[in-house]
Amino acid sequence: MNIGPLTYDAAIAWWYGRINYEVRAAQPGDLKLERMQALLARLGNPHERLPIVHITGTKGKGSTAAMLAAVFRAAGLHVGLFTSPHLTQVEERIQVDGEPISRTELAELMTEVAAAAPEPDLTFFEIGTALGFLHFERRHCDVAMVEVGLGGRFDSTNVCTPLVSVITNVGFDHMAQLGSTLEAIAYEKAGIVKSGVPVVMGAIPEAPAAVIRRVAAQLDAPLRETRAADLDSSLRIGLVGEHQRENAACAVAAIECLRGSALSVPESAIRKGLADVRWPARIEVVGREPLVILDSAHNVPSVIALVRTLRESFPVRGRKNVVFAVSSDKQHEEMLRILAGYFDAFHLTQYGNNPRCVDPRALADSLNRIAPHVAVTVHPTSADAWQSARDWAGPGDLFCITGSMFLAGELQPLIAQ
């Protein structure tokens, strides 16, 4: 396919013109690896020349990837980081040494990707994955952290053969694509396990853990099980919450799997990287008096972790408010039930023009049924909900933005004003 040099705007327009399962939920059968394999072959298979740590999990995979990247950077290595979704700028998904891909680099590399991508059904995420692999290879990264987008088995990142695979945890999310039981979801996530490649498994309930153990045994993949209790208690973690210590345990275990290799790092780098790691919109304090927390919990396990951390780490004397929006493929009634056990007032809204977002009026109906004791307001835009929360909250109050990375991304610029 002949294509001239793309400008940044043209590259972004072409990218966003692809099928995007972050906006329209994927159906069973939509996810497959053949398109990705063919695209990468036409690009010279850049992923085959990259040392990769591959990370999946229902929650915590992005935080774990960020921790690993911080540790390797602290050791002086040249580090790639591929995550999704982004918060405010799409370039955030593809970083080298903590810096997002530049507009110039994106345009230049997207010109190559577009020329190698004649299939109209290549997706937004597949194009982003190819762009990430190409960028990391061109920038000669010593190692790249690659976060799975959805599941594992048929995720477009699963074309790589990593140095180590990480499964942080297994919980209910994306059931339409991954299955309705924890065992089925675990099997899909275990799809990233490769023959002979070490795999780290975080704190996972016994039934899904047994599935991962079985897959690892079948593939002769050395399995290392870990949890927060295994972590050196003197390690300081730059991210808040006990669940982040679970993620840190996975990161440290992955690093230990690489001891003796070219990616072996000293203890000092582990300590510095974990202490210095920053990962926005993960129980991030963005304001004081009132206390404002920006978060992206988008499923039941992450909402449980959010509420537990707020109770333990952020005692407040005043009212507790939440700005909330959520995608329709989430267990939003259960999420609301958990949040209603902590928050006094809900400011319900929606984000952008995303058709996956639940109508806030439907959320209000659910809340009125399952938690009639809480105060509820409904707002047509996230900006309206933010203003309502600001008007409602006093100096000793807390309010939290949560439910979706899309909501957090919309509100972050407003909060910063």
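Worth pointing out:
- Taking Cα atoms only, the orientation of helix 300-313 departs from the longest principal axis of the chain by about 60 degrees.
- On the principal axes of its alpha carbon atoms, region 61-137 extends 40, 22, 20 Å, with the longest extent given first.
- Region 87-234: C-alpha gyration tensor shape, a/c 1.5 cut-off, then a/b vs b/c: prolate
- Remark: region 4-14, residue by residue, has Karplus-estimated 3J(HN,Hα) of x, x, 8, 6, 4, 4, 5, 5, 5, 5, 5 Hz, where x stands for each Gly or Pro and the curve is 6.51 cos²θ - 1.76 cosθ + 1.60 at θ = phi - 60°.
- Helix 206-218 vs. the chain, principal-axis angle (Cα, 0 to 90°, nearest 10): 10 degrees
- Summarising the overall dimensions of region 8-276 from its C-alpha atoms, the Rg and Dmax are 17.6, 53 angstrom.
- Entry note, the chain: the mean residue ellipticity at 222 nm calculated from DSSP H runs of n ≥ 4, each adding -39500 (n - 2.57), is -12500 deg cm²/dmol after division by the residues and rounding to the nearest 500.
- Computed over the Cα atoms of region 1-104, pair by distinct pair, the Kirkwood hydrodynamic radius stands at 16.3 angstrom.
- For residue 70, net neighbour charge (Lys/Arg +1, Asp/Glu -1) across residues whose Cβ lies under 13 Å away: +3
- Per residue, the Cα convex hull of region 212-342 amounts to 160 Å³.
- Translational diffusion coefficient of region 130-210 (Stokes-Einstein, Kirkwood radius from Cα pairs, 10 °C, 1.306 mPa s): 116 µm²/s.
- Taking a sphere under 14 Å around the Cβ of residue 101 and counting the other residues whose Cβ falls inside, with K and R at +1 and D and E at -1, yields a net charge of -4.
- Evaluated on region 26-161, the Kirkwood hydrodynamic radius is 14.9 Å, with distances taken between all distinct Cα atoms.
- Rounded to whole numbers, the Karplus 3J(HN,Hα) couplings from phi for region 357-366 are 6, 6, 4, x, 5, 5, 5, 5, 4, 4 Hz, using 6.51 cos²θ - 1.76 cosθ + 1.60 with θ = phi - 60°, and x at Gly and Pro.
- Kirkwood hydrodynamic radius of region 284-416, from inverse mean 1/r over distinct Cα pairs, in Å: 14.3 Å
- Seen against the Cα atoms of the chain and their longest principal axis, helix 103-115 is set at about 60 degrees.
- Placed amide H near residue 79: partners under 5 Å, 5+ positions off or other chain: 97, 142
- Region 284-416 - charge dipole about Cα centre, Lys and Arg +1 at Cβ, Asp and Glu -1, debye rounded to 20: 240 debye
Only the coordinates and a few stated rules stand behind these numbers; no lab work does. Just so we're clear, the structure is a prediction, and the values are computed from it rather than from any experiment. For neighbour counting, all protein chains shown are included, and Cβ atoms are generated from backbone atoms with ideal geometry for every residue, glycine included.
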